[in-house]
Amino acid sequence: MTDVENALPVASRADLRRSIASTQDAYIASIPKVELHIHIEGIISADLKWKFSQRNNQTILNPRTGQPFASLAELRDSHDTLKPRAGNRMDNTEETLSFFEAYYGGFEVLKTKEDYYELAMEYYEHADEMNVRYAEIFFDPQGHTRVGTSWETMMQGFREATWDAEQILNVKSKWIMCFLRDESPESAMRHYEAALPYRDVIVGVGLDSNEVGRPAELFEEVFVRARKDGFRITAHCDVGTPYPLDHIRQVACSIAGTGADRIDHGLNAAGDAELMALIKEKGLGMTICPWSYIRHQPMDKVFERIRALFDAGIVISIASDDPAFMEDTWVWENLLVVKKYCGFTNLEIQKLAENAIKMSWAKEEVKSHLLELLYGIEPGT
Ligand code: HPA
Ligand code: ZN
């Protein structure tokens, strides 16, 4: 059996989510949290898609049949039966949607500045409830412009939500624009240039979408330029199913001249002592999204690897990725699941929370305030 066949099936993941989410954990609940790996488009659930599309008088087409979804129930069903992130979205022999088909469907329902504002506020409100006090949020500008949305519409909505979240909810944040690695490097560069007027809210650049045959080095020119201009650099690598370790190596040591400032995912570095030593030596932070991995890899392997990275002294933080496509699991559920299956003590949970604060790109005064809050809470045993 392959790893994917050995992964937890969807019904069991839903059960696991139910039991995990209802766990009482006073320590995890109380600590200030930093979220460093969440895609804003990855919170667009079937219900949100439906809400925006109704408001904008749109239908939502099923990419498999070309026919509109007839009801919210039908749309929900298409989300619930997602095929775990198939590498290639063109595999039309399956009836169920792939992760990317459902994910990119969400971009089409966002039309107005209010939609973008509300989408971001939806995240911030949820973050506040989980005591997330700082977040760096990914967004995919190419996915929006290619369905006809302007930068102004998108960024004015995000920007106003950023201000309001800080003022009203005490959730601070910055944005990371991700280039779609299955689009061309030229398109990435055009989008990079268009993003420059929004530097007040954009702290870094990243790389996401379908990784098959698209290593990070293809985007070298735009990474070099972004670093020269003072942006922080990160990139997804080894997402979900294992890719060549070289994808991780490039992110760690060579993109933007000397390697990224952070690594998104890269879990399978845990199988390679030399790569782990290199990541540790460079002090590179890794954002790790457990629920994202258990969808297509066996649970025991996933948690063993997370534990191995942590025990090796690599700076990992726990994050959520795409909650709407991952059984509605946020940073809360992801912290609980690693606590249970990696056997982390509260002191180790404190270390994970500290890692997230330290590897963030927040201002120094924001970091020291969060660290003070964190250290002020007794972890117990
Ligand atoms: N994988 C790759 N690209 C993505 C993802 C993901 O989980 N979410 C948003 N873009
Ligand atoms: Zn991601």
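Data table
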item	result
Members of the range 242-255 found to be surrounded by fewer than 24 Cβ atoms within 10 Å (Cβ to Cβ) and closer than 11 Å to F223 by Cα, listed by number	S254
Subset of the range 18-47 (residues that are within 23 Å of V109 (Cβ to Cβ) and away from ligand 1 (no atom under 16 Å from the Cβ))	A46, D47
Subset tally (residues that are away from ligand 2 (no atom under 14 Å from the Cβ) and in a loop (DSSP other than H, G, I, E, B)) for the range 197-217	7
Qualifying residue in the range 118-132 (condition: of a type outside the set (V, I, T), buried (at least 16 other Cβ atoms within 10 Å of the Cβ), within 19 Å of the chain's Cα centre (by Cα) and not in a helix (DSSP H, G or I))	yes
Index of the failed condition, R305 passing every other in (1) modelled with pLDDT of 95 or more; (2) at positive phi	(2)
Residue under evaluation L169, criteria (1) out of contact with any Pro (no Cβ under 9 Å at 6 or more places or on another chain); (2) free of Cβ contacts under 8 Å to residues at least 40 places away in the same chain; (3) not polar (S, T, N, Q), criterion not met	(2)
Residues within the range 18-45 that are in contact (Cβ under 8 Å) with a residue 40 or more places away in the chain and over 14 Å from E122 (Cα atoms), tallied	15
Verdict on R190 being in contact with an Asp or Glu (Cβ under 9 Å, 6 or more places away or on another chain) and basic (K, R)	no
Residue under evaluation V302, criteria (1) closer than 23 Å to V4 by Cα; (2) in contact with an Asp or Glu (Cβ under 8 Å, 6 or more places away or on another chain); (3) away from ligand 2 (no atom under 14 Å from the Cβ), criterion not met	(2)
Residues satisfying the stated conditions in the range 266-287, i.e. free of Cβ contacts under 8 Å to residues at least 40 places away in the same chain, within 16 Å of ligand 2 (Cβ to nearest atom) and either within 25 Å of I137 (Cβ to Cβ) or surrounded by fewer than 18 Cβ atoms within 10 Å (Cβ to Cβ) (or both)	G266, M286
Any hit, the range 218-237, residues being within 13 Å of ligand 1 (Cβ to nearest atom), part of a loop (DSSP other than H, G, I, E, B) and modelled with pLDDT under 95	no
Filter result for F138 (among the aromatic types (F, W, Y) and assigned to a strand (DSSP E or B))	yes
Filtered residues of the range 255-296 (kept if within 17 Å of the chain's Cα centre (by Cα) and more than 21 Å from K358 (Cα to Cα))	W291, S292, Y293, I294, R295, H296
Out of M130, M121, M155, M177, sole residue that is closer than 23 Å to I60 by Cβ and of a type in the set (A, V, I, L, M)	M121
Residues (in a helix (DSSP H, G or I) and among the small types (G, A, S)) located in the range 1-38	A11, S12, A14, S19, A21, A26, A29, S30
Qualifying helices (runs of 4 or more DSSP H) (wholly inside the range 249-317; at least 3 residues being within 16 Å of ligand 1 (Cβ to nearest atom))	290-294
Lone unmet requirement of (1) in a helix (DSSP H, G or I); (2) at pLDDT below 95 for G66	(1)
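The values are calculated or read from the model by the stated rules, or taken from the named source; none is laboratory data. For clarity, every value in this text was computed on a predicted model and none was experimentally measured. In this analysis, Cβ positions are derived from the backbone assuming ideal geometry, glycine residues included, and neighbour counts consider all displayed protein chains.
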